[in-house]
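Q: Submitted below is the structure of interest, expressed as structure tokens.
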Amino acid sequence: MGVLEGALALLALLIVIALAVRLFESRVAFFPLAGETVTPHSFGVEYDTLSIATSDGERLRGWAIGPHVSRAHVVYFHGNGGNLSVWAPILAGIAGRGYAVLAFDYRGYGMSTGRPSERGLYRDVEAVIERTTEGLRDPKTVVYWGRSLGCTMAAYAATIRAPHGLILESGFPSARSLLRSSPVFAFLAWFSSYRFPCSTFLRQVSVPALVLHGDADHVVPMAQGRALFDSIVGPKRFVTIHGGDHNDPTPSDPHAYWQAVDEFMVSLQTRES
């Protein structure tokens with residue numbers, strides 16, 4: 001095979017790889033579960049269901065959880081796996097601390113319509129922030145709380161309408177950064193349309209941020225959380241959750257976890273006063 005034939009064969013191979021990656025990237029990036037089983041009621045917490053319309057015609061399932069008179073309002077962005085029911089324990093825990101919570105399932109998750117994609121999730125976030133803006137008429141502290149992939153969604157939300165603070169849990173700077181530790185995935189990432197550029201979004205906002213990361217996280221290494229922390233331009237604090245793994249439904253170290261959250265919330269209220 002000559003040089004030209006070899007170059008053409010390589011080009012053809014790269015095109016095939018690129019097409020395959022684009023075809024299957026959503027299946028690799030998202031792991032939605034349909035339906036709804038566990039709810040905040042399972043933990044003795046009151047909630048209301050919401051239906052949120054997106055700009056492209058999807059309907060998102062949401063929960064409004066916790067007290068009507070609250071210490072702060074939290075908009076919660078969950079990770080790329082499961083649905084609201086998977087994260088019901090932590091959502092009930094947040095509400096149990098006296099915070100009102102708005103949580104929702106992305107398109108294709110739980111009881112939300114559609115199929116997930118990176119651009120689709122950004123549209124979901126836009127719809128939720130519009131709904132939140134309409135629903136909050138008082139000056140209560142508003143915090144966007146993202147977990148894993150949800151950190152990117154919380155950071156993107158902050159570029160639309162800045163909250164008083166951000167809580168970023170088990171996050172990573174970007175998809176490419178996360179995949180860099182694997183030569184195969186790092187190579188394939190070059191052909192993907194998905195970026196999830198959390199750090200890029202964070203550089204556009206300067207609100208205070210609390211970063212939480214478990215030191216036993218086997219999905220997103222703590223070094224990724226540190227790199228995410230370094231990209232934050234506003235006031236920030238990093239808290240290590242000892243024994244914390246990526247998909248813990250409840251904190252492995254509840255005292256340290258909730259103490260960090262409560263102290264952060266108080267610090268935001270002090271800044272406002």
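Q: Would you mention how many residues in the stretch 156-213 are in a helix (DSSP H, G or I) and modelled with pLDDT of 80 or more?
A: Matching residues across the stretch 156-213 total 13.
Q: Out of (1) in contact with a His (Cβ under 8 Å, 6 or more places away or on another chain); (2) among the aliphatic types (A, V, I, L, M); (3) assigned to a strand (DSSP E or B), the odd one out for Ala64 is which?
A: (1)
Q: Among the residues of the stretch 67-98, write down those that are part of a strand (DSSP E or B) and either within 25 Å of Phe30 (Cα to Cα) or free of Cβ contacts under 8 Å to residues at least 12 places away in the same chain (or both).
A: Val74, Val75, Tyr76, Phe77, Gly81, Gly82
Q: For the stretch 28-60, enumerate the residues that are of a type in the set (A, V, I, L, M), over 17 Å from Ala92 (Cβ atoms) and assigned to a loop (DSSP other than H, G, I, E, B).
A: Across the stretch 28-60, the qualifying residue is only Leu33.
Q: Sticking with this structure for a sec: Give me the residue from the stretch 124-168 that is touching a strand residue (DSSP E or B) at 6+ places or on another chain (Cβ under 7 Å) and among the aromatic types (Phe, Trp, Tyr) and, out of that set, surrounded by the most Cβ atoms within 10 Å (Cβ to Cβ).
A: Once the filter is applied, the top-ranked residue is Tyr144.
Q: Counting just the residues of the stretch 99-123 that are of a type in the set (D, E, K, R) and in a loop (DSSP other than H, G, I, E, B), which one comes out surrounded by the most Cβ atoms within 10 Å (Cβ to Cβ)?
A: Among those that are of a type in the set (D, E, K, R) and in a loop (DSSP other than H, G, I, E, B), it is Asp105.
Q: Filter the stretch 122-173 for residues that are of a type in the set (Val, Ile, Thr) and within 16 Å of Ala53 (Cα to Cα); which is nearest to the chain's Cα centre (by Cα)?
A: The extreme case among them is Val125.
The values are calculated or read from the model by the stated rules, or taken from the named source; none is laboratory data. In this text, all values refer to a predicted model and were calculated from it rather than measured experimentally. Heads up, the Cβs are rebuilt from the backbone with ideal geometry, glycines too, and the neighbour counts pull from every protein chain shown.
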